[in-house]
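S.K.: Below is one structure. I have some questions about it.
The values are calculated or read from the model by the stated rules, or taken from the named source; none is laboratory data. Keep in mind it's a predicted model, so treat the numbers as computed, not measured. Neighbour counts are summed over all protein chains in view; Cβ atoms, including those assigned to glycine, are modelled from backbone coordinates with ideal geometry. The accessibility values were calculated without ligands, DNA or RNA, using every heavy atom of the protein model including side chains. Shrake-Rupley method; radii C 1.70, N 1.55, O 1.52, S 1.80 Å.
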Amino acid sequence: TTAVKATGGVLNRIIVNAAGTTSTVALYNIAAAGCTGTPGSGFVGTLATTTAFSALEYNHTFTLGICAVTAGAAAADISVLYR
């Protein structure tokens with residue numbers, strides 16, 4: 001679980017540097033203080049991260065903060081681009 005951005009912003013893209021095994025990243029619109037474990041609110045969506053060297057365009061506005069929770073048998077190595 002990672003607080004990508006502590007305040008509101010726009011999540012532009014997630015880049016999968018190395019694919020994971022049955023891996024995903026769940027995104028939450030939640031302030032950094034609540035970005036622990038699996039947040040209980042603010043769920044936005046889940047993206048598969050099983051294809052290496054792929055870019056997942058998102059361009060979604062987060063009003064509170066951007067929280068990412070990775071999961072899977074082996075988590076992917078991802079980069080998150082935001083503004």
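S.K.: Above 15 Å lies some portion of the pair distances; for region 40-83, what is it as a whole percent of all C-alpha pairs? Walk me through the numbers before you get to the answer.
M.R.: Details: 470 of 946 pairs.
Value for region 40-83 (Cα pairs over 15 Å): 50 percent.
S.K.: Also, I was wondering about something else. Compute the Rg to Rh ratio over the chain from the alpha carbon atoms, using the Kirkwood formula for Rh, and round to two decimal places.
M.R.: Details: Rg = 11.7 Å, Rh = 12.4 Å.
That ratio is 0.95, to two decimals.
S.K.: Additional query: Comparing Gly40, Gly65, Gly20, which has the greatest mean-square fluctuation in the GNM of the chain with Cα pairs linked when under 10 Å apart?
M.R.: Gly40
S.K.: Based on the Cβ-Cβ distance of Ala55 and Ala6, what FRET efficiency does E = 1/(1 + (r/R0)^6) give at R0 = 35 Å, to the nearest 0.05?
M.R.: Values: r = 24 Å, r/R0 = 0.68.
In this case the efficiency is close to 0.90.
S.K.: Just add up the charged neighbours of Asn12: K/R +1, D/E -1, any other residue whose Cβ is under 9 Å from the Cβ of Asn12. Provide the component values of the computation, followed by the final result.
M.R.: Details: positive: Arg13, Arg83; negative: Glu57.
With Lys, Arg at +1 and Asp, Glu at -1, the neighbours total +1.
S.K.: Sticking with this one: Heavy-atom accessible area per residue, the chain, 1.4 Å probe: how many Å²?
M.R.: Working: 4230 Å² over 83 residues.
Heavy-atom SASA per residue in the chain reads 51 Å².
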